Amino acid sequence: MEPHDLDWNIDTLAIRSGHQRTHEQEHSEPIFPTSSFVYGSAAEAARKFAGDEPGNIYSRFTNPSVRTFEQRLAALEGGERCVATSSGMAAILCTALALLKAGDEIVASRSLFGSTVSLFDKYLGKFGITTRYVELSNLEAWEAAVTPATRLLFAETPSNPLSEIVDIAALAELAHRHDALLAIDNCFLTPVLQRPLDHGADLVIHSATKYLDGQGRAIGGAVVGRDKHLEEVFGVVRTCGPCLSPFNAWIFTKGLETLALRMKAHAANALTLAAWLDAHPAVVKVHYSGLASHPHHELAKRQQRGFGAVLGLEVQGGREGAWSVIDATRMLSITGNLGDVKTTITHPATTTHGRLSDDQKAIAGITEGLIRIAVGLEDLDDIRDDLARGLDALAG
């Protein structure tokens, strides 16, 4: 990243930062689909392998296309460095492997993505890393859960799919007072609507698969933060190999160019849709921090620059009612993914959070009547009409 990049505003950073033109002087960022790189001499190869001279070695850990994406996302998040990974879950795994050891503890919010809970409990647990879960917004619960062995606090804010929010600055202060690090999963809002590092977080986790791409084309992840923390994360990627492919990195780089426009449009659609759903007789409750009725609405206004595009709605009739609404749609995509220009809809209790136990679902607020909608960029009237078909029938 060039020094002048730091003076640019976020919309410009999303389009211009990180691109180092080759001798061809290309206008658009190129793709480097190569496994390795050649050198002019044995001495040059030795210098680069030893780290005495910058340059590319092997695409598992040095590739120009991946580097462009990393530098651009680091600039957007206000971080010193970014390390890209093969998926969002790989980003979490690499962070844990880099910064934790047997006997260390994690304190995490209960309202995490189901695969994150499985990673913490089933896989990290077998290597002697313990995780304690607390209510996301309850800072007293976080404080009570921390022990001298706690090394990492981990949270998604807003949560999936109930839009719960934690005060990042307060949580960062708590973590640092106990010599722990704070990692925030920011894939729901992206740096356009929230920058956790500005509030004191140490690490930002992304599933680039979501809004950074924005069109459901590729799988990838990233970790952003200070160089001293990211060097170890890079070491895990280099050694263990959960790396991002050059082609996917190029897709994400191009996705970042329209990120600000898309996130603002997503959030505007979602806010209007949430208000409409909140007034529908078949809807028991809408979970969206943009609504004044949401318990964390004021915190969201202070901490975020928008409310995002993911909302949860609880409907009458439990699972049968939820499935009837989902099955009545003709345009919305029934899929567990989100962050797409296409609106997606799913039943969390049997999809994204299906591997959680009944007790875990209850604690996380995942009811049988809960539907998650990730609001896309279609015409809002068409989204409403598609949902109204099932909701109106459910209301009778």
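The values are calculated or read from the model by the stated rules, or taken from the named source; none is laboratory data. Computed from a predicted structure; not experimentally measured. Don't worry about glycine lacking a Cβ; one is built from the backbone with ideal geometry, like all the others, and counts go over all protein chains shown.
Within segment 18-40, residues that are at positive phi reach partners that are modelled with pLDDT under 80 and surrounded by 10 or more Cβ atoms within 10 Å (Cβ to Cβ) with beta carbons closer than 8 Å, at six or more positions or on different chains, in the pairs Gly18/Met1; Gly18/Asp5.
Exactly one residue among Leu291, Leu244, Leu277, Leu230 is over 25 Å from Ala172 (Cβ atoms) and part of a helix (DSSP H, G or I), and that residue is Leu277. Within segment 236-248, is even one residue hydroxyl-bearing (Ser, Thr, Tyr), assigned by TED's automatic domain parsing to the domain that holds Arg81 and under 15 Å from Val66 (Cα atoms)? There is at least one residue in segment 236-248 that is hydroxyl-bearing (Ser, Thr, Tyr), assigned by TED's automatic domain parsing to the domain that holds Arg81 and under 15 Å from Val66 (Cα atoms).
If I filter segment 355-374 for residues that are touching a His at 6+ places or on another chain (Cβ under 6 Å), aliphatic (A, V, I, L, M) and either surrounded by fewer than 18 Cβ atoms within 10 Å (Cβ to Cβ) or part of a helix (DSSP H, G or I) (or both), do I get at least one hit? Checked against the condition, which is being touching a His at 6+ places or on another chain (Cβ under 6 Å), aliphatic (A, V, I, L, M) and either surrounded by fewer than 18 Cβ atoms within 10 Å (Cβ to Cβ) or part of a helix (DSSP H, G or I) (or both), segment 355-374 yields no hits at all. If you filter segment 5-54 down to residues that are closer than 21 Å to Ser245 by Cα and of a type in the set (A, V, I, L, M), you find that the one that is modelled with the highest pLDDT is Val38. Within segment 115-131, identify whether any single residue is surrounded by fewer than 21 Cβ atoms within 10 Å (Cβ to Cβ), over 26 Å from Val237 (Cα atoms) and at pLDDT 95 or above, and answer yes or no. Within segment 115-131 (the criterion being surrounded by fewer than 21 Cβ atoms within 10 Å (Cβ to Cβ), over 26 Å from Val237 (Cα atoms) and at pLDDT 95 or above), the answer is no, since none of the residues qualifies. Does segment 247-259 include one or more residues that are more than 19 Å from the chain's Cα centre (by Cα) and farther than 30 Å from Ser59 by Cβ? Looking for residues that are more than 19 Å from the chain's Cα centre (by Cα) and farther than 30 Å from Ser59 by Cβ, one finds none in segment 247-259, hence no.
Any residue that is closer than 29 Å to Arg305 by Cα, at pLDDT 95 or above and touching an Asp or Glu at 6+ places or on another chain (Cβ under 8 Å) - is there at least one of those in segment 239-248? No: segment 239-248 contains no residue that is closer than 29 Å to Arg305 by Cα, at pLDDT 95 or above and touching an Asp or Glu at 6+ places or on another chain (Cβ under 8 Å). Just to be sure before I move on: is Val146 closer than 30 Å to Thr258 by Cβ, crowded, with 18+ Cβ neighbours inside 10 Å and of a type in the set (Val, Ile, Thr) in the structure I sent? No, not satisfied.
Give segment 333-353 a look and list any residue that's within 21 Å of Ile219 (Cα to Cα) and assigned to a loop (DSSP other than H, G, I, E, B), or say none.
Result: Thr335, Gly336, Asn337, Leu338, Gly339, Asp340, Val341, Lys342, Thr343, Thr351, Thr352, His353.
Pick out the one residue from Phe32, Phe37, Phe61, Phe69 that is of a type in the set (Phe, Trp, Tyr), surrounded by 15 or more Cβ atoms within 10 Å (Cβ to Cβ) and in contact with a Cys (Cβ under 7 Å, 6 or more places away or on another chain).
Numbers: Phe32 fails: in contact with a Cys (Cβ under 7 Å, 6 or more places away or on another chain); Phe37 fails: in contact with a Cys (Cβ under 7 Å, 6 or more places away or on another chain); Phe69 fails: in contact with a Cys (Cβ under 7 Å, 6 or more places away or on another chain).
Selected residue: Phe61, the only one of Phe32, Phe37, Phe61, Phe69 that is of a type in the set (Phe, Trp, Tyr), surrounded by 15 or more Cβ atoms within 10 Å (Cβ to Cβ) and in contact with a Cys (Cβ under 7 Å, 6 or more places away or on another chain).
Within the option set Ala91, Ala50, Ala96, being touching a Gly at 6+ places or on another chain (Cβ under 8 Å) and either assigned by TED's automatic domain parsing to the domain that holds Pro196 or buried (at least 24 other Cβ atoms within 10 Å of the Cβ) (or both) holds for one residue only, Ala91. When you scan segment 278-293, how many residues do you find that are surrounded by 20 or more Cβ atoms within 10 Å (Cβ to Cβ) and over 25 Å from Val341 (Cα atoms)? Total meeting the criteria: 1.
Do you know which residues across segment 244-268 are under 19 Å from Gly18 (Cα atoms) and not aliphatic (A, V, I, L, M)? Correct list: Ser245, Pro246, Phe247, Asn248, Trp250, Phe252, Thr253, Lys254, Gly255, Glu257, Thr258.
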